[in-house]
Structures are given as C-alpha cells and as structure tokens.
Amino acid sequence: MTGVTERTLHYYDRKGVLTPTSYTQNGYRLYSHDDIFKMQKILTLKYLGYSLKEIIDYLSKNSKASVQDTLFKQKELLKQKREELDHIINTFSTVEQIIQDEKMESDLLLAIIHSIQMENKQKQWLSNQLPKPIVDQIFMEHIPKEERMNRDRELLIAIHKLQGLYESGVPPHHIDVQHLMKQLERMLNNILEPKYQEELEKLKTEESSLYHFSFISKGFQDYTAAASDILNKQNNRPRRGNEYED
C-alpha cells in the first residue's frame, strides 16, 4: 500500500522509526491504519531530505518542530546541493573541453579536476598575498575563455608527454626532456611574466599548501625539478651557435 519493501520495514523497526502495532505468534509484523498514515509522513519527510534521526525527532510526541519551520531550511540545503551539482557538471564540461581526444593519466586528470574545484579558494587566497595584476595573469583573466582552454590544453599535453618520458626512464638531461622543458617554459612565460613567477615562488611555504597541493607523484616532481635545474644552467651559460636552439 505504501510501496515500501519488507526489508525497509524491518530496518525502520530496528531503528525505531516505525514500530509495528503488534506481532503474530509466528513473528510477523502487523501494521494498523495509523501505522500506514505514519509511514506516509515518513516517506514525505524523507522526500524533503530529512535524516532518519530528524524523522524520529519530528515524529516523537515531545517534538516541537513543524514542517513549516523546517521546510525553508530544507529548501536552502537543496539549493546548495544543486549549486554543488552544477559546479561538478561544469567541471566535467571544462575537463572535456581541455583534454578533448587526448588520453591522460588518471593522476593528471585528478590534478586538473582538483585545480578547477579549488580555483575560487586559490584565487581568494592569492588575492590576499599578491597584487591583483599578478593574480589576474595566473588565472588568465585577461585572455578570452577559448584561448585559455587552448593554453591549458597545450600545457597539459606537454606535461603528459614529459610524464611519459619520466615513466620510460628517460634521464632529465635528455634532449627530448629538455625540449619539452623549453616548451613549458615558453608557455608559462606567455601566461605569467617571469618577474611575477618570482613573486609566486616566494609563496612556497606551508601556509600556501592550498595553492601548491598536487596529485603528481613526488618522483615526477623531483624529475621535473632536476630537468628545470639543467635547463636553467644551460640558459645561464654562453650559448655556442645553435647548441640550444629548438
């Protein structure tokens, strides 16, 4: 009559949500019309998002709660959940636009999703630490959305290729690794001026863990750091002919 399964009735009985009026000699539960009416209340409250504990409190004789008092609170909670779901869906859409048909490692995908998820918090935190022009450049506020997507995609592909070389055991000084490091350096310089990158580096403290958290393995981080050191040494010494040209 209520559309509730026998298993759910047993569960509600154990939890004290709905206890049957009586039992048969064989142990079968017997429910009255009042019990059915109570079950309809339970199902309605459950539909509104009430927890079992809240339902028990509401149905208790000593409860002073009213549906009218809690209805608007439940509505606000549901609106928040809807906003969260919308944000998750937008995150998926953004990731799809960035990666397109590229095959990416799971950790790299998680890193992208985490970055999108934390973007507003990161932006707020950085705004308290750095001048607005630097923050705007970090998040490419001055660039149209489609171009931002393209730049994110180029960065992602380069990092993915670099990760592939790392996992294949190619040393950091190898020409292919250094070629990718140069590409990444150019991409980053196009996004954020080198002088601003220096300001950002100064924030690498425990306090800034919100911004620097990464899903990338420690091994890969050390690998890119070593490759970056090699590239910096090359950039700081006199160049001979086309030795370091791409």
- Does anyone have the angle between helix 175-191 and the longest principal axis of the chain? Alpha-carbon axes, 0 to 90°, nearest 10? 70 degrees
- So if R0 is 41 Å, what FRET efficiency would GLU167 and ASN128 give, r being the distance between their Cβ atoms, rounded to the nearest 0.05? 0.60
- Message: Computed from the coordinates I sent, Rg and Dmax of the Cα atoms in Å equals one of [x] 17.8, 55; [y] 16.4, 47; [z] 29.0, 99. Tell me the label.
- Response: [z]
- What does the accessible area of GLU84 come to, in Å² to the nearest 10, when a probe of 1.4 Å is used? 110 Å²
- What's the longest piece of the chain with no exposed trypsin sites (Lys or Arg not before Pro), counting a site as exposed if DSSP puts it in a loop and it has at most 11 other beta carbons within 10 Å? 104-201
- Message: Rolling a 1.4 Å sphere over the protein heavy atoms, what is the accessible area per residue of the stretch 96-178, to the nearest Å²?
- Response: 61 Å²
- Heavy-atom accessible area of PHE72 with all protein chains present, probe 1.4 Å, nearest 10 Å²? 130 Å²
- Query: Where the accessible area of the chain is counted over protein heavy atoms with a 1.4 Å probe, how much of it, in %, is carbon and sulfur?
  - Reply: 51 percent
- Task: Multiply the residue separation of ASN90 and ILE113 by 0.36 nm, subtract the distance between their alpha-carbon atoms, and state the gained length in nm to one decimal.
- Result: 7.2 nm
- Query: Could you give me the ³J(HN,Hα) list for the stretch 6-13, computed from phi with Karplus coefficients 6.51, -1.76, 1.60 and θ = phi - 60°, whole Hz, x at Gly and Pro?
  - Reply: 4, 4, 5, 4, 4, 5, 4, 5
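Hand me the chymotrypsin sites (Phe, Trp or Tyr not before Pro) from the stretch 1-36 located in a DSSP loop with no more than 12 other Cβ atoms within 10 Å, in residue order please.
Hits after loop and neighbour filter: TYR28.
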- Task: Round to the nearest 10 and give me the degree value, 0 to 90, for the angle of helix 67-99's Cα axis relative to the longest principal axis of the chain.
- Result: 30 degrees
- Message: If I model a spin label as a point 7 Å beyond the Cα along the Cα-Cβ vector, how far apart are those points for ASP101 and GLU185 in nm?
- Response: 3.3 nm
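Given Cβ point charges of +1 (Lys, Arg) and -1 (Asp, Glu) and nothing else, what value in debye, to the nearest 20, does the dipole of the chain about its Cα centre take?
So the dipole magnitude of the chain works out to roughly 1100 debye.
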- Any chance you could look up the accessible area of ASP107 with a 1.4 Å probe, heavy atoms only, rounded to 10 Å²? 70 Å²
- Query: So what's the back-of-envelope 222 nm ellipticity for the chain, counting only DSSP H runs of four-plus at -39500 (n - 2.57) apiece and dividing by all residues, rounded to 500?
  - Reply: -21500 deg cm²/dmol
- With an 8 Å cut-off on Cα pairs and a minimum separation of 6 or more residues, tell me the relative contact order of the chain in percent. 14 percent
- Ordering ASP13, ASP101, ASP86 by how much accessible area each has at a 1.4 Å probe, largest first, what is the list? ASP101, ASP86, ASP13
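The values are calculated or read from the model by the stated rules, or taken from the named source; none is laboratory data. These numbers were taken from a predicted model, which means no experiment stands behind them. When we count neighbours, we look across all protein chains shown, and the Cβ atoms used for this are built from the backbone with ideal geometry, even at glycine. Keep in mind that these areas ignore ligands, DNA and RNA; they rest on the heavy atoms of the full protein, side chains included. Shrake-Rupley method; radii C 1.70, N 1.55, O 1.52, S 1.80 Å.
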